[in-house]
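Notes follow once the structure below has been shown.
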Amino acid sequence: MYKIAAMGDRDSIYGFASLGLSVFPEDDPQKLKKLAEEGYAVIFITEALAELISPEIERFKDSPLPAIIPIPGVAGNTGLGMREVSGYVERAVGSDIVN
């Protein structure tokens, strides 16, 4: 069975624990690699952290797992998550139908 995790600042991710997700208040890019190796299929990551460790995230772009999903943090939305989703949709259907 696949596992789901949330990474980012503590205030932004601890609500996910109530849903049964594993939470990791981290800012270490190596933790993302460890989670992938431990069998996490979906990793929610705050947009602020995603921008800080973007080179590490890029390594997983063409891999089917883990799916790394940027989410807004308590500090607000930077738009990174929506840009990522828009890019995935455009690759899948050949046109930007999100915007």
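The values are calculated or read from the model by the stated rules, or taken from the named source; none is laboratory data. Since the structure is predicted, the reported quantities are computational estimates derived from the model, not experimental observations. Neighbour counts run over all protein chains shown; Cβ positions are idealised from the backbone, glycine included. These area figures cover heavy atoms from the full protein model, side chains too; ligands, DNA and RNA do not enter into them. Shrake-Rupley method; radii C 1.70, N 1.55, O 1.52, S 1.80 Å.
Below is a table of values for the structure above.
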read-out	value
Residue-count net charge about Lys3 - beta-carbon cut-off 13 Å; Lys, Arg +1, Asp, Glu -1	-1
Pairwise FRET efficiency - Arg59 versus Arg91, Cβ, R0 = 22 Å, nearest 0.05	0.80
Simple Cβ-charge dipole of the chain, Lys/Arg +1 and Asp/Glu -1, about Cα centre, in debye nearest 20	240
Spherically averaged projected area in nm², based on the convex hull that wraps the Cα atoms of the stretch 42-99	4.2
Solvent exposure of the chain as accessible area per residue, Å², 1.4 Å probe	61
Rounded tilt (10° steps) of 80-93 against the dominant C-alpha axis of the chain	50
Extension gain (nm, one decimal) between Asp27 and Lys3, 0.36 nm per residue minus Cα-Cα	6.6 nm
GNM top mover of Pro25, Pro64, Pro72 - the chain, alpha-carbon springs below 10 Å	Pro64
Among Ile71, Ile57, Ile13: highest mean-square fluctuation, GNM of the chain, C-alpha pairs under 10 Å	Ile57
Relative contact order of the chain, pairs being alpha-carbon contacts under 8 Å that are 6 or more residues apart, as %	25
Of (1) 30, 27, 24; (2) 43, 25, 19; (3) 36, 30, 26, the label for Cα extents along the principal axes in Å derived from the coordinates	(3)
